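Structure record follows, encoded as structure tokens.
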Amino acid sequence: MIPAKTNLIVPLVVTVVALWFVPCELYAEPSEPFKKRDLDKNGVLTGNELKGIPPQLFQRLDVNRDGKITAAEDEKYFRPSSQTQNEYTIKSFQYASNENPRQAVDVYLPKAEPKQLLPLIIFIHGGAWRSGSKENGASHLQQYAETGEYICASIGYRLSQEAKWPAQIHDCKAAIRFLYANAKRFHIDITRSIVFGTSAGGHLAAMVAVTGNNKEIEGKIGKHLNQHSRVRAAISYFGPTDFLKMDDFPSTFKHNAATSPESQLIGAAIQDVPDRTTLANPIHYVDSKDPPIICIHGSKDASVPFNQSELLKESLTAAQVRSALIRIEDGGHGGFNNPKIKQLEADFFHSLKIRSLKLPADTVIPNRP
């Protein structure tokens, strides 16, 4: 038997939910009540904007328990249950017009044909440029593919045992050109594309972002050389930047050694060929026309020192490029445990979807909640 006090609360919550809920387009922004409350139009309800929301409803909406309600949290809660998870299929395509299994891209396509063009989320795998595969993208892209609100893609590229730099960035750009050339077929809105990656993939994601206007590093792979490879934004998860400075900080191995991942990528001990090594440094290409970039890095990363993201952030700031540095306190080389980190990523992708492209502020997030 439900106590009398509970009998009063439950109808109240149901009534408020009914008043708040306004059916919206599958690919639309948050509910109308959210937009009315969001007086400063920043996609987050805080302070006086939260007044009048029953505590029980607030607790359900505030998924990450940060005392705020984001547009993404609101949309996720009020989206009809039939739309919370969509079926999708993964199809692999050769972007280099050959049969090299490394030069392929997995495209995550909703089984139900989209009613409009969707944002594109591109993942680039890590593995020190000498291991890993496009299949690693599944765990990073699944949650977005299931919404039916994004087209997702995971890029494969030639590893350092097969080809030396700049083959890897040429492959990534060729894959992006392939996706753009087939935008209508895949229902992609190429004005809303974002790239992210981890470790070596973070390095390549940053490289894609800062070389969108650089024809010299575009490469000549594939059939779609008339397409550009620019993206609207990027996230680099603990990606290397300035290889020549990596040994200035403690690490589990010597990056300057001829056997290091960086040296194997370049094709020689990096300090012996500084000019060639610089061509693999995202900082070398930064200019004021670059898109926004978020760097997410563990403070105790023993493989890629945290300073690598600091250096990129400093360069972006100097060039007046919008950027954010997220320090994961006590975080290592990935394996982060705080759900706020993934929520920050999801919020950024959501902002691209609704065309606001709101960056988080530079901040420190503990590795554990």
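Can you pull out the residues in the range 219-252 that are polar (S, T, N, Q) and either in a helix (DSSP H, G or I) or under 22 Å from Asp171 (Cβ atoms) (or both)?
Of the range 219-252, the ones polar (S, T, N, Q) are 226-227, 229, 236, 241, 251-252.
Selection gives Asn226, Gln227, Ser229, Ser236, Thr241.
Would you be able to tell me the number of residues in the range 30-40 that are modelled with pLDDT under 80 and surrounded by fewer than 19 Cβ atoms within 10 Å (Cβ to Cβ)? Walk me through how you get there before you give the answer.
In the first step, residues of the range 30-40 are kept if they are modelled with pLDDT under 80; the result is 30-36.
Right, trim to surrounded by fewer than 19 Cβ atoms within 10 Å (Cβ to Cβ) and you get 32-33, 35-36.
Adding up the residues that qualify gives 4.
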Is there any pair linking a residue in the range 138-153 that is closer than 23 Å to Ala174 by Cα to one that is part of a helix (DSSP H, G or I) and at pLDDT 95 or above, with Cβ under 6 Å and at least six apart or on different chains, and which? Tyr150/Tyr144; Ile151/Phe186; Cys152/Leu141; Cys152/Tyr144; Cys152/Ala145; Ala153/Leu179
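Does the range 119-140 contain any residue that is over 22 Å from Ser236 (Cα atoms) and not hydroxyl-bearing (Ser, Thr, Tyr)?
Filtering the range 119-140 down to residues over 22 Å from Ser236 (Cα atoms) leaves none.
So far as the range 119-140 goes, no, none of its residues is over 22 Å from Ser236 (Cα atoms) and not hydroxyl-bearing (Ser, Thr, Tyr).
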Would the range 271-280 turn up any residue that is assigned by TED's automatic domain parsing to the domain that holds Phe348, under 18 Å from the mean Cα position of the chain (by Cα), modelled with pLDDT of 95 or more and not basic (Lys, Arg)? no
Lys115 being at pLDDT 95 or above, surrounded by fewer than 20 Cβ atoms within 10 Å (Cβ to Cβ) and out of contact with any strand residue (DSSP E or B) (no Cβ under 9 Å at 6 or more places or on another chain): no
Is there a residue being in contact with a helix residue (DSSP H, G or I) (Cβ under 8 Å, 6 or more places away or on another chain), surrounded by fewer than 22 Cβ atoms within 10 Å (Cβ to Cβ) and touching a residue at least 24 places away in the same chain (Cβ under 8 Å) anywhere in the range 249-258? yes
Taking the stated definitions as given, is Gly126 at positive phi, touching a strand residue (DSSP E or B) at 6+ places or on another chain (Cβ under 9 Å), in a loop (DSSP other than H, G, I, E, B) and among the small types (Gly, Ala, Ser)? no
So, Lys358, is that one in the same structural domain as Ser160 (by TED's automatic domain parsing), farther than 22 Å from Ser131 by Cα, basic (Lys, Arg) and modelled with pLDDT of 95 or more or not? no
Checking the structure you have, find out if any residue of the range 323-331 is surrounded by fewer than 21 Cβ atoms within 10 Å (Cβ to Cβ), of a type in the set (Val, Ile, Thr) and free of Cβ contacts under 8 Å to residues at least 60 places away in the same chain. no
When the range 190-218 is examined, which residues are found to be crowded, with 24+ Cβ neighbours inside 10 Å and either modelled with pLDDT under 95 or assigned to a helix (DSSP H, G or I) (or both)? Ala200, Gly201, Gly202, His203, Leu204, Ala205, Ala206, Met207, Val208, Ala209, Val210
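How many of the residues making up the range 175-189 are under 19 Å from the mean Cα position of the chain (by Cα) and assigned to a helix (DSSP H, G or I)?
5
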Lone unmet requirement of (1) at positive phi; (2) without any contact (Cβ under 8 Å) to a residue 24 or more places away in the chain for Phe238: (2)
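The values are calculated or read from the model by the stated rules, or taken from the named source; none is laboratory data. Keep in mind the model is a prediction, meaning the values are calculated, not measured. Virtual Cβ from ideal backbone geometry, glycine too; neighbours counted across all protein chains shown.
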